[in-house]
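Reading through the structure tokens given below for one structure.
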Amino acid sequence: MLFHAKQNSREQESSNGSSLCHGSNYVTVAAPNNPSLLPIFIYITLTLHHNTTQHNTSTLCLSLRILGLSQCVAMTAEVTAQEETQQRASEVPAEEPRKNVAAAKEEEEEKVLEVEESKAETMGKSSSYREESNFLSDLKEFERKALNELKAKLEEALLGHNLFDEKTEESKKMNEVTEEDNKKEEEVKKQGADEEGEEPVKEQEEKKSEEEEKSVEVEKDVSLWGVPILPSKGDEGTDVVLLKFLRAREFKVSDAFEMLKKTLKWRKESSIDSVVDEDFGPGLGSAACMSGVDREGHPVCYNIYGVFDNEELYQKSFGSEEKRIEFLRWRCQMMEKGIQKLNFKPGGVTSLLQVNDLKNSPGPSKKELRIAVKQVVSLLQDNYPELVAKHIFINVPFWYYAVSALLSPFLTQRTKRKFVVARPAKVTETLIKYIPIEEIPVQYGGFKREDDTEFCSEDGAVSELTLKAASTATIEIPTLEVGNTLCWDVTVLGWEVSYKEEFVPSDEGSYTIIVQKGKKMGSQEGPVRNTFRNNEAGKVVLTIDNTSNKKKRVWYRYKTIKNTF
């Protein structure tokens, strides 16, 4: 199957593919045979075709190779004076048609992006955002049966101290040693050995029995994320943890049991329980942070991939296999710190919300980053089942769709349904669907500021109003006492409105004070915070004038700080 692309009004078709033109260079591309990759292939081609440069041409080839479509790329170069003459001749009379073609391509590109985003939104809507119930009474019959079977297998393995394969081998060796000792003891008795000869044998037996008892105790005390996993201990969190493994394996008991065994083995071998106390330096600390909770109470983890655009930090994190292993441990540390905020009880919040910011993130050309991302995906999916409620990707660049296609085979369908994607213009709009605006960091359009001394969670709820097209709204903040300080936050989704702040005294004979002059607020403006200390009774009036033909959503909050003198 062939895909033909052209730049503006120029088209150079080939019998074996399509051509993306840049001067006299052409990239001939054959569309993939795999239909599932075709939408992404078309998207990449249209994006680069709309603004083709030598750099973008290289990026196209790289993206196609990442997708496993290297067979689709063929480079040709033709330099002829005749073509350049034809190009110059066609540019003069075809100015209007060229604009129309460019506009049409922009629309096509937007449609492709909208399709990709709608897929992500559909995935998010198709599965409930709220956590699945962990109450036994809410489980289906086959789910309860699977849980009981897993508990029985786990109980038997723990009490038989053979949860791990190596344990079984150790127990076999121990039994063999015990049998040999018994034989030696019988021989000693037959020979009529005295008490002095029997004493070392008895001491040896006592030591072995003590070691066996300790081994059994260790097996019984095995826990995961602070929850005992021996069912007979009766901890209410045990069922919650086991259900996560069952759900990750579609309630297939044997698969869930094997997954649990591998997770416990990996945690023991990698000393994961102590990773929260390790120091990875200040560099990686800027790459992620826990901040606030979402609308369902899930702790939110923000992953900022743009910091790896710094070459020094990039090499420090991914420059070698040893450094990538350290990066993986740091990533586990972030997960473990987030898990400490969870409540593994029926009805409790038992998963996190992950927000992945791809702004200024290194692209797919960075081989080391690609390797590390694949390792992280595999590690988290295999050892932290059902501990993430949603993955929200924001500030998504065009190459994300190519990389997501690359990672798709490594993800389960259950994980894919948790993905939400937002381009730069849709960041705040997307986040606010899942996170209250007072919990969204200010750099993403919310009210949450680091080490905020003005507002706290006890200062009252945020109010919202809808501003109709071509209308004006005012927000009034009254202050009847003199000498108080008023503080407020206000933001408009997408802004593109006129905004001003005034203090209007109660005394009609007094003058209105301009707190902030009226100005046009662009779409990239962040939330506004301001304060005002009144010397007479009155009110602060915030005026928002919407001159656009679209309605606007406005959020605001305020507080009065009383004079203590």
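The values are calculated or read from the model by the stated rules, or taken from the named source; none is laboratory data. The structure presented is a predicted model; accordingly, all values stated were derived computationally and were not measured. Neighbour counts are summed over all protein chains in view; Cβ atoms, including those assigned to glycine, are modelled from backbone coordinates with ideal geometry.
Numbers below:
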| quantity | calculated |
| --- | --- |
| Residues satisfying the stated conditions in the range 312-362, i.e. in a loop (DSSP other than H, G, I, E, B), buried (at least 19 other Cβ atoms within 10 Å of the Cβ) and small (Gly, Ala, Ser) | Ser351, Ser361 |
| Condition check for Thr543: in contact (Cβ under 8 Å) with a residue 40 or more places away in the chain and either out of contact with any His (no Cβ under 7 Å at 6 or more places or on another chain) or under 25 Å from Pro424 (Cα atoms) (or both) | yes |
| Exclusive hit being in the same structural domain as Phe532 (by TED's automatic domain parsing), polar (S, T, N, Q) and farther than 16 Å from Lys539 by Cα, set Thr485, Thr453, Thr466 | Thr466 |
| Scan of the range 451-462 for residues that are in contact (Cβ under 8 Å) with a residue 24 or more places away in the chain and either farther than 16 Å from Ile440 by Cβ or surrounded by 12 or more Cβ atoms within 10 Å (Cβ to Cβ) (or both), ordered by number | Glu454, Phe455, Asp459, Gly460, Val462 |
| Given (1) closer than 21 Å to Ser404 by Cβ; (2) surrounded by 19 or more Cβ atoms within 10 Å (Cβ to Cβ), number of the condition Ile371 does not satisfy | (2) |
| In the range 449-489, the residues that are among the basic types (Lys, Arg) and touching a Phe, Trp or Tyr at 6+ places or on another chain (Cβ under 9 Å) | Arg449 |
| Residue count, the range 359-370 (criterion: out of contact with any Phe, Trp or Tyr (no Cβ under 6 Å at 6 or more places or on another chain) and at pLDDT 90 or above) | 2 |
| Residue under evaluation Ala402, criteria (1) surrounded by fewer than 20 Cβ atoms within 10 Å (Cβ to Cβ); (2) at pLDDT below 95; (3) in the same structural domain as His298 (by TED's automatic domain parsing), criterion not met | (1) |
